[in-house]
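Undergrad: One structure is given below, represented as structure tokens, and several questions about it will come after.
The values are calculated or read from the model by the stated rules, or taken from the named source; none is laboratory data. Here the structure is a predicted model, which is why all the values come from computation and not from measurement. Cβ atoms come from the backbone with ideal geometry, glycine included; neighbour counts cover every protein chain shown. All accessible areas refer to the heavy atoms of the entire protein, side chains included, with ligands and DNA or RNA removed. Shrake-Rupley method; radii C 1.70, N 1.55, O 1.52, S 1.80 Å.
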Amino acid sequence: MGTGAKSTRENRTITVDFHNENNYFQVFEDGKAFLELLMAFILSLGFQLKHTATCRGGGCLTRHSHYVRVRLGGLTIWRVQCTTCRAVFTVLPHFVLGYRQMRPEVARDALVANHGGLSLELCAVIYQISPMAIYRLVCAFGHQSLVAVLTRCGLPLPTYVLADEKHSRCLAENVYLPTIVSGRVIWHLGYTEEASAAAFTQSYREFQRAASQQEPSYRVRGVLTDGFDSTTKSMRTLFPGARLGFCLRHALNKLPKKLAAIASPVRQSLRVKFHTLLYRARQRKSLRVFALGQQLRHFADHVAQKAGVANGKGVRCWFQDKKAGWYAVLEDPQMSAMSTLLDQAHNALDRKLFMMKAFHHPHGSQQAFLAGWAHLYNLIPYQCRAKHAGQCGVEVEGGTVPTRDWLLNLQILTSGGFR
């Protein structure tokens, strides 16, 4: 057998909107009318069919063959052929999904319910479809690039991003999900089994490569992280000219962990004082960097006085390691100071992976599923998820089946949200 690379087959499927199923069955009986409607639909799209490379156009389409989709009730699907290059195209009506046994409206409702908090098992029971079919449907979304889809939707490439890694588990092994968000939009969601800077760099490079393909002159001006060493090293490698900042809320939460062998009221009072320090530093309109450095030294002395010399020395060393990232946040007003939106996306992802048993399999399609989940997170409105946040999820998994009113409201909401 030859060892040469196998050529990729072009996808020549034409999805045509017939408005309703009755129109499809009526036009289907008349071959001339069928081809005229097909040509009109193609011309309205700009005649973007993928002919063979040697075809120079000028040919017309003719009916070629047909086949029957037995699992869709014996629906007949026609193929048409270009008379010039002999390329064959499959005409798929809008109420049929390619390579799927479910109707688009069923797939839509199942995806929204699954994303809103229901597990694949409950979605399968409610919509009478296979859990693996829903899993493969989500993975089918994941084969499309996040950057390509978002830019095609009209979103500009972000100049300021939030970068962090989500810690998860695959059976007994730790795995990491490098993530890049801007606002409530996920631009990258990767999967790696190592927490090294090289592994994170390889994952984040996919976002850089996809963004450069969309806009060759694309540059990131600022990146906010939580200060994790592997993340900061990967960001410096991929975006050397970007301003690298550290999240102030993470700094506030980590301060109590730096204080040892002191009473809880003292630890809490120092945390409140540090919160006031950071808040006032953000409110300053000028000399914020100089003022912050001076206040950090005074605060370290205050810690040494209240919590002991050892704690004061530890806090002072911690300030020396992190203050450059805090300075970067305060110097650029356009950079976000906290990674709250990224943490919210990770919390939603954590709830989904907890119920997604197929994800915790070493031979599963983790990367495709994560990318598909990110597409659903971006495309389904945040208000749609928040409206039903208390009506599904843990309570549903505990055995309470959603009420008929909840399902009816979900169908009404999703029917308007996707248009």
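Undergrad: Under 6 Å between Cβ atoms, at least 6 apart or on separate chains: pull out the pairs that start in the stretch 319-331 with a residue that is under 11 Å from L244 (Cα atoms) and end on any residue that is open to solvent by 40 Å² or more (accessible area, probe 1.4 Å).
TA: Y327/V289; A328/R243
Undergrad: Output the residues belonging to the stretch 190-220 that are in a loop (DSSP other than H, G, I, E, B) and more than 16 Å from L349 (Cα to Cα).
TA: Selection gives E193, E194, A195, S196, E215, P216, S217, Y218, R219, V220.
Undergrad: With the condition being charged (D, E, K, R), I'd like the helices (runs of 4 or more DSSP H) fully within the stretch 246-355 carrying at least 3 qualifying residues.
TA: Qualifying helices (runs of 4 or more DSSP H): 264-283, 288-307, 309-331, 340-355.
Undergrad: Restricting to helices (runs of 4 or more DSSP H) lying wholly in the stretch 100-144: which have 2 or more residues that are crowded, with 20+ Cβ neighbours inside 10 Å and of a type outside the set (A, V, I, L, M, F, W, C)?
TA: 104-115, 131-142
Yes or no, residue by residue, for (1) hydroxyl-bearing (S, T, Y); (2) part of a strand (DSSP E or B); (3) modelled with pLDDT under 90:
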position	(1), (2), (3)
P156	no, no, no
N174	no, yes, yes
T179	yes, yes, no
H188	no, yes, no
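Undergrad: Looking only at the stretch 238-252, which residues are loosely packed, with under 15 Cβ neighbours inside 10 Å and touching a Lys or Arg at 6+ places or on another chain (Cβ under 9 Å)?
TA: G241
Undergrad: Now for a separate question. Taking the condition of being open to solvent by 30 Å² or more (accessible area, probe 1.4 Å) and either in contact with an Asp or Glu (Cβ under 8 Å, 6 or more places away or on another chain) or of a type in the set (D, E, K, R) (or both), how many residues in the stretch 83-99 meet it?
TA: 2
Undergrad: I've got another one for you. Search the stretch 302-338 for residues being among the polar types (S, T, N, Q) and closer than 30 Å to A261 by Cα, and hand back the single one that is surrounded by the most Cβ atoms within 10 Å (Cβ to Cβ).
TA: Ranking the qualifying residues of the stretch 302-338, first place goes to N311.
Undergrad: If R63 satisfies all but one of (1) at pLDDT 75 or above; (2) closer than 14 Å to I14 by Cα; (3) part of a strand (DSSP E or B), what's the number of the condition it fails?
TA: Unmet condition: (1).
Undergrad: Answer with yes or no whether F299 is open to solvent by less than 70 Å² (accessible area, probe 1.4 Å), closer than 21 Å to G183 by Cα and not polar (S, T, N, Q).
TA: no
Undergrad: Hey, another quick one. Within the stretch 209-226, track down each residue that is under 23 Å from A337 (Cα atoms) and crowded, with 18+ Cβ neighbours inside 10 Å.
TA: V220, G222, V223, L224, T225, D226
Undergrad: Right, here's the next one. Name the single residue that is surrounded by the fewest Cβ atoms within 10 Å (Cβ to Cβ) among those in the stretch 227-237 being of a type in the set (G, A, S) and modelled with pLDDT of 90 or more.
TA: Step by step, filter the stretch 227-237, then rank; the result is S230.
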